[in-house]
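Data first, discussion second: the structure below is written as structure tokens.
Derivation of every value follows stated rules applied to the coordinates shown; laboratory data play no part. All figures in this text were calculated on a predicted structure; none of them were measured in a lab. Cβ: placed from backbone, ideal geometry, glycine included. Neighbour counts: every protein chain shown.
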Amino acid sequence: MDPLTTGGSRPRLATVWLGGCSGCHMSFLDMDERLLDLAARVEIGATPLTDYKSFAPVDVTLVEGAVANEEHLEQIRHVRRNTRVLIAFGDCAVTGNVTALRNLFAVDDVLDRAYRQTSAVVVGMPGGDGIVPRLLDRVRPLHELVKVDYHLQGCPPSADAIFELLTALLDGRLADLRGERRFG
Amino acid sequence: MSVNTLSIDGKMVTGTTGETVFDVAWNNGVRIPRLCHVGGVSDVGACRLCLVEVEGQSRLVASCRTAVQEGMVVRTDTPRLQAHRRLIVELLFAERNHVCAVCVQNGNCELQDLAASLGVDHVRLRYRYPKLPVDTSHERFGIDHNRCVLCTRCIRVCDEVEGAHTWDLRGRGTHALLIADFGDPWGQSESCTSCGKCVQVCPTGALFTKGKSVAEMQKDRRFLKYIVTAREKHEWIR
Ligand code: SF4
Ligand code: SF4
Ligand code: SF4
């Protein structure tokens, strides 16, 4: 594995939040004081934790969530073009997980259920008006759409596993994830 | 009963005629992966995880259905076998709906553990998302077909140990489905004695006790050994 430290400057780390519950990002914050160790070793790029709006090129990106709508699809392709190491971060990114449970039904039925049948006030359905991104007909894990360099399983992955994988990447060694690699 | 000497992963071991390669390997500390085998009932070779290489044979054989022979040279953990096992587990995940995060068996599941021990960190095949029923008509137990891996442990324990033969398989391939009696809701089964043996041997979250929520289901497989030892040796020991 080649160390990420390129030409003396600190590697840049980004995180992205697609179709997930943000639990993986909460687990990221659970690294607690180790976040300070990490912050000393990387530059922080785009991340929902800093309310990012644009995604500039980085070395490592943790991507939480599955690809569920057209915006996610655009985002994951952009992220892949602009990151050296892409990590599928948590079960939704790795398998589709809970986000993909709707794959058992047709999109129209899912929308009908959410916006008509179970809604007290029916204001309409999210359509192709560009305000709410259109749902894809099937929720997909990241590796079905882009090349994924590491799969970090777990719902969510533990703070220990996140820290171990990131520091191993920074050190240029293989991560020791024994006992941490498991779906669920 | 004659004794056979054979080599398993380079280790010289002995087994009596009629014993399987699988049992002899386990007795000697070689833990061949398995999903459909459970000690105390017959073996069917359904899951194919216990496949091994036998020198002189080009075909891989299911070690749970292969009797030991004098001079046999067996390998249980080659890169080729590891690759096959990983693919088998990926096929199982892709075939039905396994969402560990919200499953009763999360954290205590043989399929989940198997994936972890074989290094399956993602599934390369496209998930099928079949629509499958959950039958909670039984007073105390439920069956979630989304989690069933068709290992038939439940069928065998119900037939061979309980003597009820409530369970059986209907259909073939991806259409195969576990059924109670003639396809009745489990709760209406006339043969089921509600003994719960099938629930305890099920390796996944497919058979569960009602009232258990996410990650709450634990299974006790030692009861089977207890019953079988009692029956065969008349020793009532735990
Ligand atoms: S049965 Fe096992 S592998 Fe399947 S969803 Fe439940 S915990 Fe996961
Ligand atoms: S509860 Fe007992 S009798 Fe009923 S199906 Fe299961 S093993 Fe058979
Ligand atoms: S219900 Fe459980 S024990 Fe029965 S075949 Fe399915 S996975 Fe195996």
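Which order do peptides A:76-83, B:182-189 fall in by mean Cβ count within 10 Å, highest first?
A:76-83, B:182-189
If you take the square roots of the eigenvalues of the alpha-carbon gyration tensor of chain A and sort them as a ≥ b ≥ c, do you get rounded (a/c under 1.5), prolate (a/b over b/c) or oblate?
Prolate shape, in that a/c is at least 1.5 and a/b is the bigger ratio.
Could I have the simple spin-label model distance between residue B:236 and residue A:168, label points 7 Å from Cα toward Cβ, reported in nm to one decimal?
Roughly 5.2 nm, to one decimal.
Remind me, relative contact order of chain A in percent, using alpha carbon pairs under 8 angstrom and six or more residues apart?
Once normalised by length, the contact order is 27 percent.
When each pair of different Cα atoms in chain B is counted once in the 1/r mean, what is the Kirkwood radius in angstroms, to one decimal?
When all Cα pairs of chain B are included, the Kirkwood radius is 19.1 Å.
Work through the residues other than residue B:95 whose Cβ is under 12 Å from its Cβ and net out their charges, Lys, Arg +1 and Asp, Glu -1.
Every neighbour counted, the sum reads +3.
Could you work out the equivalent-ellipsoid semi-axes for the protein assembly as shown, taking the square root of 5 times each eigenvalue of the Cα gyration tensor, largest first, in whole Å?
With the √(5λ) rule applied to the protein assembly as shown, the semi-axes are 43, 30, 18 Å.
What average count of beta carbons from other chains do you get within 10 Å of the Cβ of residues in B:118-130?
5
What does the structure give for A:170-182 when I average, per residue, the other chain Cβ atoms found within 10 Å of the residue Cβ?
2
Starting from the Cα of residue B:131, draw a straight line to each of the lysines and keep only those under 25 Å, dropping any in the same chain fewer than 8 residues away.
B:210, B:212
Where nothing but the Cβ of Lys and Arg (+1) and of Asp and Glu (-1) is charged, how large is the charge dipole of the protein assembly as shown around its Cα centre, in debye to the nearest 20?
Computed charge dipole of the protein assembly as shown: roughly 560 debye.
Report, as an integer, the average count of C-beta atoms from other chains found within 10 Å of each Cβ along A:100-107.
Taking all residues of A:100-107 together, the mean is 3.
Return the ratio Rg/(2.2 N^0.38 Å) for segment B:97-232, where Rg is computed over Cα atoms only.
This ratio for segment B:97-232 stands at 1.06.
How would you rank B:57-64, B:92-99, highest first, on the average number of other Cβ atoms within 10 Å across their residues?
By packing density, highest mean first, the sequence is B:92-99, B:57-64.
Have a look at B:122, B:192, B:179 and report the one farthest towards the positive end of the charge dipole of chain B, computed about the Cα centre with Cβ charges (Lys/Arg +1, Asp/Glu -1).
B:122
Residue B:233: which lysines have alpha carbons under 16 Å from its alpha carbon, excluding same-chain residues fewer than 8 sequence positions away?
B:225
Place the peptides B:193-203, A:24-34 in order of packing, highest mean first, counting for every residue the other Cβ atoms within 10 Å and averaging per peptide.
Order by mean packing, descending: B:193-203, A:24-34.
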